[in-house]
Amino acid sequence: MHPSLQYQFKKPAEQLADFVYGFSSLSNISHCKEGVIIPNGRIDLLLCRTTDGCFFTVLMGLETKPKTMPQQNISMFFSISFNPLALEYILNESIAKLVNNGKELPENFWGFREEDLDNFEEFCCKASDVIKKHLSNSIDERKQNLFRLIFEANGEISIKELSETIHWSERQINRYFTKYLGVTLKMYCKILRFQKSLEYIKDGILFPQLNFSDQSHFIKDVKKLSGVSPKELFKNNNDRFLQFLVFPKK
């Protein structure tokens, strides 16, 4: 990690694990002028502070391709990374129109204020309490099982197998993904497989460890989602790939 970057990460309580991937913070990032955001399969709610002291909250849609960091001179942010199930049962909205984009949320969304950026642990506690209050009391078990299976397989599971296991038609599954996420199940699984591959690429393993048909297929998918080859991603020149820098070791 770049020596001036400060990163923190915290997993949610078990009660929220199906809905929240984790809480994170990244500060001292205003110098990362060439920063590149790569797809991670999560829905991020960001509390941001700029170098000139402005504060705002943003909901990000899914990324399906690499993109450069926004130019708002962000100095730090705290993040809630949601799993897709949270869209229906916590956020109560679709992000289908936010693919590779985001939207600024109303001031004081969920009661968050700039002061919440002063202490990461307190932010995690506050965010957890707020999420629990918004969590629906009635959850469709098929959808819980759907995402559990997808995550456990790191995206390496067919829609046919999912359909047969959770007793939900392939058509309904695809409609659910396009309605809430704006991408197909196939695309979403490709992103999860790419994210899992990062663990190996970070350790210098530049050949496929997952179910790619061959080396060429592996390189093609990595290039599509990161913009560079596995070799270039491993080098991470100029610390461009911020998500790659903070990616946990396997």
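The values are calculated or read from the model by the stated rules, or taken from the named source; none is laboratory data. This one's a predicted model, so the numbers in the text were calculated from it and none came from an experiment. Neighbour counts run over all protein chains shown; Cβ positions are idealised from the backbone, glycine included. Areas reflect the complete protein model, heavy atoms only, side chains present, ligands, DNA and RNA absent. Shrake-Rupley method; radii C 1.70, N 1.55, O 1.52, S 1.80 Å.
Restricting attention to region 79-88, does a residue exist that is surrounded by 12 or more Cβ atoms within 10 Å (Cβ to Cβ), among the hydroxyl-bearing types (Ser, Thr, Tyr) and free of Cβ contacts under 8 Å to residues at least 40 places away in the same chain? No, region 79-88 has no match at all.
Any chance region 31-40 includes a residue that's outside any strand (DSSP E or B), in contact (Cβ under 8 Å) with a residue 24 or more places away in the chain, surrounded by 15 or more Cβ atoms within 10 Å (Cβ to Cβ) and among the small types (Gly, Ala, Ser)? Yes, region 31-40 has at least one match. Pairs linking a residue in region 224-240 that is closer than 15 Å to PHE207 by Cα and of a type in the set (A, V, I, L, M) to a residue that is open to solvent by less than 40 Å² (accessible area, probe 1.4 Å) and not in a loop (DSSP other than H, G, I, E, B), with Cβ atoms under 6 Å and 6 or more positions apart or on different chains, are LEU233/ILE201; LEU233/SER226.
Of all the residues that make up region 132-167, how many are within 22 Å of ARG193 (Cβ to Cβ) and in a loop (DSSP other than H, G, I, E, B)? Summing the residues that are within 22 Å of ARG193 (Cβ to Cβ) and in a loop (DSSP other than H, G, I, E, B) in region 132-167 gives 6.
Condition (residue is within 20 Å of LYS126 (Cβ to Cβ) and among the polar types (S, T, N, Q)) applied to region 85-101: is it met by at least one residue? Taking every residue of region 85-101 in turn, at least one turns out to be within 20 Å of LYS126 (Cβ to Cβ) and among the polar types (S, T, N, Q). Taking the numbered list (1) surrounded by fewer than 16 Cβ atoms within 10 Å (Cβ to Cβ); (2) at pLDDT 95 or above; (3) within 22 Å of the chain's Cα centre (by Cα); (4) acidic (Asp, Glu) in turn, ASP140 passes all entries but (3).
Every residue, every condition in (1) in a loop (DSSP other than H, G, I, E, B); (2) without any contact (Cβ under 8 Å) to a residue 60 or more places away in the chain; (3) charged (D, E, K, R); (4) out of contact with any Leu (no Cβ under 6 Å at 6 or more places or on another chain), yes or no:
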site	(1), (2), (3), (4)
GLU107	yes, yes, yes, yes
ASP129	no, yes, yes, yes
ARG171	no, yes, yes, yes
LYS179	no, no, yes, yes
LYS190	no, yes, yes, yes
ARG193	no, yes, yes, no
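Residues in region 49-72 that are assigned to a strand (DSSP E or B) and either modelled with pLDDT of 95 or more or open to solvent by 40 Å² or more (accessible area, probe 1.4 Å) (or both): ARG49, PHE55, PHE56, THR57, VAL58, LEU59, MET60, LYS67, THR68.
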